[in-house]
1. Answer with yes or no whether residue 460 is under 17 Å from residue 389 (Cα atoms), among the charged types (D, E, K, R) and at pLDDT 95 or above.
2. Run residue 267 past the list (1) more than 23 Å from residue 173 (Cβ to Cβ); (2) buried (at least 24 other Cβ atoms within 10 Å of the Cβ); (3) in contact with a Leu (Cβ under 6 Å, 6 or more places away or on another chain) and report the number of the one that doesn't hold.
3. Residues that are touching a Leu at 6+ places or on another chain (Cβ under 7 Å), in contact (Cβ under 8 Å) with a residue 60 or more places away in the chain and not assigned by TED's automatic domain parsing to the domain that holds residue 183: find the strands (runs of 3 or more DSSP E) completely inside region 43-85 holding 2 or more of those.
4. Failed condition for residue 170, given (1) in contact with a helix residue (DSSP H, G or I) (Cβ under 8 Å, 6 or more places away or on another chain); (2) part of a loop (DSSP other than H, G, I, E, B), with all others met?
5. Just give me the residues in region 424-454 being among the aliphatic types (A, V, I, L, M), under 27 Å from the mean Cα position of the chain (by Cα), in a helix (DSSP H, G or I) and over 22 Å from residue 470 (Cβ atoms), in sequence order.
6. Let me confirm something: among 358, 381, 401, which residue is surrounded by 22 or more Cβ atoms within 10 Å (Cβ to Cβ), assigned by TED's automatic domain parsing to the domain that holds residue 460 and under 26 Å from residue 473 (Cα atoms)?
7. Of the residues 283, 290, only one is closer than 30 Å to residue 93 by Cβ, in the same structural domain as residue 132 (by TED's automatic domain parsing) and among the polar types (S, T, N, Q); which?
Amino acid sequence: MAFDSFRDWINHLDRAGELRRITRPVATELEITELADREMKSPGGGKALLIEKPTINGVISPFPVAINTLGSHKRMAMSMGAESVDEVANELGALMKAKPPTSMQEAMKLLSLALDLRHAKPKLVKDGACKEVIHLVESPKSRVESWPKAPDWQNPSTLDPRPSTLANLPILKCWPLDGGRFITLPCVVTKDPDTGDRNVGMYRIQIYDDKTTGMHWQLQKVAARHGRRYYEKGERMPVSIFIGGDPMFPFAATAPLPDGLDEFLLAGYLRKKSVELVKCETNDLEVPANADFVIEGYVDPTEPLRDEGPFGDHTGYYTLPEPYPVFHVTAITHRKDAVYPATIVGIPPMEDFYIGGASVKLFLPIFKMNFPEIVDIALPAEGVFHNLVFVSIKKTYPMQAYKIMHGLWGMGQMMFTKYIIVVDADVNVHNTSEVLFQLTANTDPQRDSIFTKGPSDVLDHATSEIASGSKLGIDATKKIPGEGFKRPWPPLIKMDEAVKTRVAKIPSL
């Protein structure tokens, strides 16, 4: 189901009874966070919130703030126009089964083909609602000198004469020790300068002043790789940030797609309609025509990096200041009726738990193609995404659990996983209590665990070195011959089914 704007998505949630409207003024400084945090920790993720009168330093913003719109299993499915995320995952899996791949590389190629077959390829259009209001930060002369594409100065109706600064947006200061205000749901568009391949990623944006921000693309991210090439070439790097539009845009930006596979292709597939793109005003990047806000600019490789942070992160702790590139704003455009989408991260559960869970379900068929013994995978909320992974398998030979551990650590963002626990096929990995029972009952710590080293999330404060650390895998499956277990394996306590049936028919019960 395609949504024409974030407001369209909000209205859809409202009609479904999934939205709470907050009509009283609420401060973008900390208060919206406290309100949203309480809602996100409500049973099932609570409701989506629309703060109709957000205040910026006491002044009411013209743009309402929407938050927690994807913060439940139901709303994640609604954003895809489905009854459940499993329904969408099964459909994608069926498309890919036409030609089973023999490697992960083949699986990714097949995924791209499967998406394209659904006419999901993005298409370029001449104009869009994201340009209903245009603020140009730099003068026409400087823009003509710096960029090959200049704004249409012969059409003054498209230009807004008011000062254009980031202060116009209801950007949140989320937590007390944060280094400032942060855009928390941005879709950052970059291109590989060598191949032209596009990437849409989600990297928090700290506001430094009216015209500059931090650009927190982490070491292993695709945009960081693009940035390194521009630094090597000594050329200005065009970057555009869009906010809002269809809710599938931020979901696709966070999805664990391989380098080179266009996130707009995934978004188009999920929304069942190709994404229409428009050229930006001050650079040659393309953004969705129906986005609510677009912030255009560049990163200059000749200037020094700048400390970004602290920031209250999804780890539940603050990430401390680290040097990152500076993003310079050249233009801000937006819809006239724009809604500002935001999220917060912190001690789980939060909205990102449901977004990450949907990604795992969606890509589970791909995991199964490469590892057919996998039954299910879960990322419990306590693991704040990739710190902890539970995986169930149909075990048929010795040491199979270790094969799965090493295989998962070699797949994309799974490389950041600190702990992998492998259990048997009949264990519900979405029930943390059940997994912990199997873990403590079925393992000898020395025999059934393995330590290894590898890349770590740069946000992980516990590693001795940034972006480098150790991992622990635990085999909590039933032990079979060949795995060093010499004793009989006892049966699990279970009542006879005939007895259970008889007792269930007793009237007093």
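The values are calculated or read from the model by the stated rules, or taken from the named source; none is laboratory data. Because the structure is a prediction, the values reported are computed rather than measured. Every residue, glycine among them, receives a Cβ derived from its backbone with ideal geometry; neighbour counts consider all protein chains shown.
1. The answer is no for residue 460.
2. For residue 267, the exception is condition (3).
3. Output list reads 65-67.
4. (1)
5. Across region 424-454, there are no qualifying residues.
6. When all the criteria are applied, what remains is 401.
7. 290
Here's the yes/no breakdown for (1) in contact with a Lys or Arg (Cβ under 9 Å, 6 or more places away or on another chain); (2) closer than 13 Å to residue 311 by Cβ; (3) at pLDDT 90 or above:
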| position | (1), (2), (3) |
| --- | --- |
| 150 | yes, no, no |
| 175 | no, yes, yes |
| 178 | no, yes, yes |
| 189 | yes, no, yes |
| 193 | yes, no, yes |
| 206 | yes, yes, yes |
